[in-house]
Every structure is written in structure tokens, then in C-alpha cells.
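Data first, discussion second: the structure below is written as C-alpha cells.
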Amino acid sequence: MMPSGPLPGVCWTSLLSLLLICCLRPPGAQGQFSLRLEPQDLVVPEGGSISVNCSTDCPDAQHVTLETSLPKEPLSSGLGWAAFRLSNVTHDDREVLCSSFCNGLQIAGSFGITVYRFPDLVELEPLPSWQPVGQNLTLRCQMAGGAPRDNLTVVLLRGEEELSRQPAVGEPALVNHTVEARREDHGANFSCRAELDLRSRGLGLFQNSSAPRQLRTYALPVGPLHLDVPRFLEVERLWLANCTLDGLFPASEAKIQLALGDQMLKSQVERHGDRITATANSTARAEQNGTQEIVCKVTLGDESRETRRNLTIYSFQGPILTLSAPSVAEGTIVTVTCTAGARVQVTLDGVPAEAPGQPVQLQLNATERDDRRSFICNATLKVDGGILYRNESVQLRVLYGAKIDRAKCPQNFTWEEMTTHVLECQAWGNPDPELQCVKQASKVKVLAGTPFVVRLKHHGTYMCHANNSHGKDTVTVVVNVQARNPAVVPVLVVLAILGLITVSAALLYVFVLKKHSVSDIYYVNRGSTTCLPLRSRPADQRLGEESS
């Protein structure tokens, strides 16, 4: 039964020729003579051209021809052969028919054509924007077109490293391969390549690669961030927040932020190895008073880690400690006042205010005992279950007249002439007083507290005066000077002279007689090897010999 439509890829001329071969050739004639087509392996790029030679070994061959649906152009012919040029070879034209008449019978042979073409598309599907380290990554390559499929292979690559090699199956061909993402894959290029291997057909290995795609890998630890912030923040005071995360990769790609409530804090970010740190210096605002939440957030790849901490912002005004006057005269009424802000409890020298936010006062009649007296105001503020402390102090100066301390200023002294003594008298007052002791009648002055040599002129009665701008005080002091014994003076003079003579004689002996004695040593050499020292005789012996 004949098909109703035309047969694809084969022309009716070829079909009739085949029928003729089957019907006209006698049995056994096919094995006697053969047809040959050169080149024997017809491999043509799609749309290309090829020259073929159809020949037979029949000696009486006639009318050698080539039957095909392709455009053909006769090139040349001869006895038992004919050459043609085939053009615009397509993938659908897979066979040609070479035929001839031999001894009145038609012989024919069918030859296949291999048509090859390169893939129209070789593409690696987009990679994830970020891939976690340690998780599987599936690489997918799509290849469309290309023939023959039996000679096509799809290769997946990491850089130049071959990861997978698979045959191209289906149209389009989809090839998958799974790898585990590594740290060293960060920044690596992945691609796929189609290989058309026609080396067995006398041609080469043809490759067509996709555009490379770069992979970014990351590692973000599960552990919490370390956030270091104070528990309490005072309004208008500078404070420091520090947030750190270790073990992330790559730290250079990570982002870190610090926020207090709806206020994004300006942070200084540092990266060292696998660590990232953000440090923020900020000042709490009055409108943030109360409990606030500070957040530290680190973002890397498609993930983020954050930690939160509550802190309390408070306003602690005071204490403010004041005196009605910092310096007053003795007998003046002084008011001491301590104040503080709302919710602050103050206590002045142990006396508490009636309620938080209320002031406390003390009044006193200033005396000299109050000079340099310190007043202390303690302030406490309850914040979030805790108590904050602060204090302030102030010193009062009381001005009062000069006074001499009778207990430290004896009114009677007895000293020996030519000895050294100090007139011990002390005075106090505010301002510091001047103290001066003056001898009656002669006006001889003695400075209290200063050493001096006592002489007979110091004998007498002295008036010691202490003065400052607020008053004075006077004490009478009697100084008795005892003269030394006159007989003692000559003895001392004689002893001094004798001592001087003794010292002079000793020096004369050391520097004169001793030197002369050393120079009176002689040596006589009369040709012998021994030397005898000759010492000078004593002076009295020499004088005796000379007189004789």
C-alpha cells in the first residue's frame, strides 16, 4: 500500500530508480559490479557544499548519475564516473543515490550524508546572588540545536576545572550537576561548554562555551552578636556602643548597623579577618527619656543576624549646692541650699528633703569654728529598679579677727647669752594675721618662729601683736638673758692658741722634715752587682764628728 503523501527526504526519481534496480536487475547481478561514492564519509556543515564523485567498476558503464533532492551541479565525467557539486546541504537531506547502466541493466547505491551544525544556544542558568558555604549548589546548563546529537557532549566547569561531562539528550538538552559551595568558591567563575566531536569523521573537536557566571559564597555564624552598651544613659551625656560578630566570611562584604529606637547611629566599622566591629559614639536626647531598645544588625548575603538590648535613658539634674555668700564675717547668718531636678531626692548634711524634687536648706550663725567647713549634698535617683548616686560639696569661709594662742606662746623665757633660740608664738585668724614681737622702749624686734642668736640686748619685756583686717590681739612676753662667766673667756683663748700651735707643728713635720729624710738615701756602685744603701747619720752625730 502506497502512502498518501510524499515521502520526506527522498525524491520520486530516486524512488523510481530503486524500483528499477529491484525489478530490472537479474538475480546475482548486484554482486557482480558495484558503485562507489567519494569521499566515502560524507560530512557536511549544515547549509554547506561538497563535491562528490560517483563511479562504478563496470567496464561498460553508461550514464553515471547522482540522484538527490539537493541542488547539484555536474562538474566533470568520464568512463564509469561522474563528479557533482552538492550545495545547501540541510539536516533533512541525509542520503544521495548513485546509479549507472551496466550491460543494459541499471545499478544503484545509496549513501548517507552526515550533516553537522553547532549549537544555537549554550547557556548556564543564573546562579544565586549569594550561596551559603556548605550547602549544595545545582548548576544547570541548557543547550539548544547542534547535530549530530550522538557526537555532542555538555561539560560543566568551575574555572578550568571540569566538574561534569554528560551527553546532550533532548531538545533543548538540559544538564544538571550539584556541588557543595566552599569558601574558596567565592568569586569563582562557573560555565558550561558544548563539545561537537567529529575527530572520528576526519574533522576536529568543536567547542562552544557559555558566558561565565561568578559565584559569591558566604558564611554567617548562627551564634549571637556581642553587644556592649551601658545599662543607663544620661541625657546630653556622651556614651559608647560596641557590637562585634566573629566567624563570618567574607567580612569585607558584610554590613553592620547600630540603631537606638528610630535613630540610626553613626558607626565606625572595622574588619579584621573573620571579625566585624561597629563602634558608635552618641548623645542621648531628652525626647528619648525612658526605656529604649538598641539594635545591632549584621547582614551578609541573603541573611542577617541581630541582637537587641533594652536600656534606660534618664535625666539627672543636680545636685546644685549654693551658699548665700561664700565668704562672710563672723556673726553673719548663712543659708545653705541644695536643689535637684524632678524625681531626685536630696539630703544636705544628713537632713533629707521632704520629697523627691524638693530642695533642702540649712541656716547657721557663722563663727570662727565654721571657717573652712564643708557642706555635702547627696542626691539619689531611682532608675529601672536601680539607684543612681551623685553628690556635691561646698566650703564656707568665715572672716574673723586675729588671735594669739596663749598655750603655744609662753609669757616668760630665760635664755643664755650667745645661744640660738626661737620665740615660739602662734596666731590665727582669717585672713591670716601678721605676728610681730617688739621690745618696749628700745623697739628691738624679734620675729616669732625664726631662729636668732641671743644677745644681752634682747633682755627685756616684749609686746607681741597679731593683726588682720578683722581685729588684733596682744600678748606680753618677758625675755631673760643670762650673761656668760668672764673667767671662761681667757681659758678658751689659751686653749685655742695651743691648738693652733700643735696643728702648725704637725704640718711642718709632715711637709718639711719628712721630705728631707727621704732625700738622704744614697747608693754606691763599685762595679759589683750589689748595691748598699747609705743613710745619713743623725744630725747630732754629724756635728760631733765635725767638731772633733
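Structure summary
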{"read-out": "Area accessible to solvent at Thr68, 1.4 Å probe radius, in Å²", "value": "20"}
{"read-out": "5 angstrom amide H check on Leu423, placed H, neighbours 5+ away", "value": "Gly449, Thr450"}
{"read-out": "Translational D in µm²/s for the stretch 379-493 (Stokes-Einstein at 10 °C, 1.306 mPa s, Kirkwood Rh from C-alpha pairs)", "value": "90"}
{"read-out": "Distance (nanometres) between label positions extended 7 Å along Cα→Cβ at Leu203 and Arg183", "value": "4.8"}
{"read-out": "Partner lysines for Lys445 [C-alpha distance under 24 Å; skip if fewer than 8 residues away on the same chain]", "value": "Lys403, Lys408, Lys457, Lys472"}
{"read-out": "Counted charge near Cys464, where neighbours are those whose Cβ lies closer than 15 Å (Asp, Glu -1; Lys, Arg +1)", "value": "+3"}
{"read-out": "The stretch 315-362 pair-distance distribution - Cα-Cα, 10 Å bins, rounded %", "value": "29, 45, 21, 5"}
{"read-out": "Mean projected area in nm² (Cα convex hull; one quarter of hull surface) for the stretch 55-111", "value": "3.8"}
{"read-out": "The stretch 205-346: Rg to Rh, with Rh as the Kirkwood radius over Cα pairs", "value": "1.36"}
{"read-out": "Overall dimensions of the stretch 124-267 as given by Cα atoms, namely Rg and Dmax in Å", "value": "24.4, 87"}
{"read-out": "In nm, spacing of pseudo-spin labels at Arg484 and Arg406 (7 Å Cα→C-beta vector)", "value": "3.8"}
{"read-out": "Net lengthening on full extension, Thr332/Ala355 (0.36 nm per residue, minus Cα-Cα)", "value": "5.3 nm"}
{"read-out": "Angstrom value of the Kirkwood radius, inverse mean 1/r, which spans all Cα pairs in the stretch 250-311", "value": "12.7"}
{"read-out": "Extended-chain gain in nm, criterion 0.36 nm per residue less alpha-carbon gap, Glu303 and Val235", "value": "21.0 nm"}
{"read-out": "His226-Leu362 pseudo-label distance in nm [points 7 Å out on the Cα-to-Cβ vector]", "value": "4.8"}
{"read-out": "Sorted peptide list for 412-419, 94-101, criterion being average Cβ within 10 angstrom, highest first", "value": "94-101, 412-419"}
{"read-out": "P(r) histogram, all alpha-carbon pairs of the stretch 420-465 included - 5 Å bins from 0, percent", "value": "5, 21, 29, 25, 12, 6, 3, 0"}
{"read-out": "Percent of C-alpha pairs per 5 Å bin, the stretch 147-192, short to long", "value": "5, 19, 27, 20, 14, 8, 5, 2"}
{"read-out": "Globularity index of the stretch 90-133, i.e. its alpha-carbon radius of gyration over 2.2 N^0.38 Å", "value": "2.65"}
{"read-out": "Principal semi-axes in Å for the stretch 279-366 [√(5λ), Cα gyration tensor, largest first]", "value": "48, 13, 8"}
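The values are calculated or read from the model by the stated rules, or taken from the named source; none is laboratory data. Model, not experiment: these values are computed from the prediction. Positions of Cβ are generated from backbone atoms using ideal geometry, with glycine treated the same way; all protein chains shown enter the neighbour counts. Just the protein is used for accessible areas: all its heavy atoms, side chains included, with ligands, DNA and RNA removed. Shrake-Rupley method; radii C 1.70, N 1.55, O 1.52, S 1.80 Å.
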